[in-house]
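J.: Handing you this structure, nothing more for now.
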Amino acid sequence: MRLLKEKIVSEGKVLSENVLKVDTFLNHQIDPLLMQAIGEEFANRYKDAGITKILTIESSGIAPSMFAGINLGVPVIFARKRKSLTLSGNLYSSKVHSFTKGETNDISVSKDFIGSEDIVLIIDDFLANGQAVLGLLDIVEQANAKTSGVGIVIEKGFQTGGSMVREKGIRVESLAIIKSLADGKVEFVEESPS
Ligand code: G4P
Ligand code: NA
Ligand code: NA
């Protein structure tokens, strides 16, 4: 997605060979017009997939998911990382290990919101080692629902998550795939223009 790649190049900060900071439009300040375009792009790619629910994880997955939800006309559910006052019992939960942060968190979703009739699109901001997506896939499985695919804003193609999820036979649509962050520069995997 050209608009997104241009934004990454102009505003992204390469913090190390492994980490890209995009706090000006995705992870802290949010660019609503860019999110709208991202949501339209996800919706366009999955418009014939029969999606009934979008599942993401708080917090940075919510903004792109909302715009995809508007365009697909389906509800957006975000998995919670912390226990909430009103969310108790009746939960699907899964463990998500972050290699980046060196910690494991429980994520949870109320059983009220995903059922066996659902066809789910999983959306997240970054795909790195794939642990968050695996946790969300696990929750969809627990619900006996179907995952139609995964939509990712920025995939770090040099980390293992993308191939791990695709090897399971799951469709992954990433709007920008980074080949390398070496020498402080962002290099993308080339793809057909869209
Ligand atoms: P994984 O799920 O793919 O295995 O990812 P990992 O544990 O490595 O990532 C942990 C957190 O760091 C996630 O956000 C993920 O989106 C984010 N992340 C991973 N790599 C990068 C990167 O290069 N740049 C940025 N900006 N973020 C990255 P989170 O903790 O769930 O936070 P949030 O959703 O509340 O923002
Ligand atoms: Na995230
Ligand atoms: Na994030």
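The values are calculated or read from the model by the stated rules, or taken from the named source; none is laboratory data. What you are looking at is a predicted structure, and each value in this text was computed from that prediction instead of being measured. All Cβ positions, even for glycine, are placed from backbone atoms using ideal geometry, and neighbour counts span all protein chains on display.
J.: Does residue 61 satisfy being closer than 16 Å to residue 176 by Cβ, buried (at least 20 other Cβ atoms within 10 Å of the Cβ) and modelled with pLDDT of 95 or more? So that I can check it myself, show each step before the final result.
T.: Details: closer than 16 Å to residue 176 by Cβ: yes; buried (at least 20 other Cβ atoms within 10 Å of the Cβ): yes; modelled with pLDDT of 95 or more: yes.
When the stated conditions are applied, residue 61 passes them.
J.: Still on this structure, please answer the following. Looking at the range 93-127, which of its residues are crowded, with 20+ Cβ neighbours inside 10 Å and assigned to a loop (DSSP other than H, G, I, E, B)?
T.: 114, 118
J.: Oh, and also: Are there any pairs with C-beta distances below 7 angstrom linking a residue in the range 128-145 that is assigned to a helix (DSSP H, G or I) to a residue that is acidic (Asp, Glu) and surrounded by 18 or more Cβ atoms within 10 Å (Cβ to Cβ), with the two at least 6 apart or on different chains, and if so which?
T.: 132/124; 133/124
J.: Identify the residue in the range 64-92 that is within 16 Å of ligand 1 (Cβ to nearest atom) and of a type in the set (Ser, Thr, Tyr) and, among all such residues, is surrounded by the fewest Cβ atoms within 10 Å (Cβ to Cβ).
T.: Here the answer is 84.
J.: Let me ask something additional. Restricting the range 28-48 to residues that are touching an Asp or Glu at 6+ places or on another chain (Cβ under 8 Å) and part of a loop (DSSP other than H, G, I, E, B), which is surrounded by the most Cβ atoms within 10 Å (Cβ to Cβ)?
T.: Ranking the qualifying residues of the range 28-48, first place goes to 46.
J.: On to the next question. Can you pull out the residues in the range 5-27 that are part of a loop (DSSP other than H, G, I, E, B) and either buried (at least 18 other Cβ atoms within 10 Å of the Cβ) or modelled with pLDDT under 95 (or both)?
T.: Answer for the range 5-27, where residues must be part of a loop (DSSP other than H, G, I, E, B) and either buried (at least 18 other Cβ atoms within 10 Å of the Cβ) or modelled with pLDDT under 95 (or both): 12, 22, 25, 26.
J.: Right, another one. Considering only residues that are small (Gly, Ala, Ser), closer than 15 Å to residue 78 by Cα and out of contact with any helix residue (DSSP H, G or I) (no Cβ under 7 Å at 6 or more places or on another chain), which ones fall in the range 93-108?
T.: Passing the criteria: 93, 108.
J.: Pull up the range 22-35, narrow it to residues that are within 12 Å of residue 4 (Cβ to Cβ) and not charged (D, E, K, R), then point me to the one that is nearest to ligand 1 (Cβ to nearest atom).
T.: Filtering the range 22-35 for residues that are within 12 Å of residue 4 (Cβ to Cβ) and not charged (D, E, K, R), the one nearest to ligand 1 (Cβ to nearest atom) comes out as 22.
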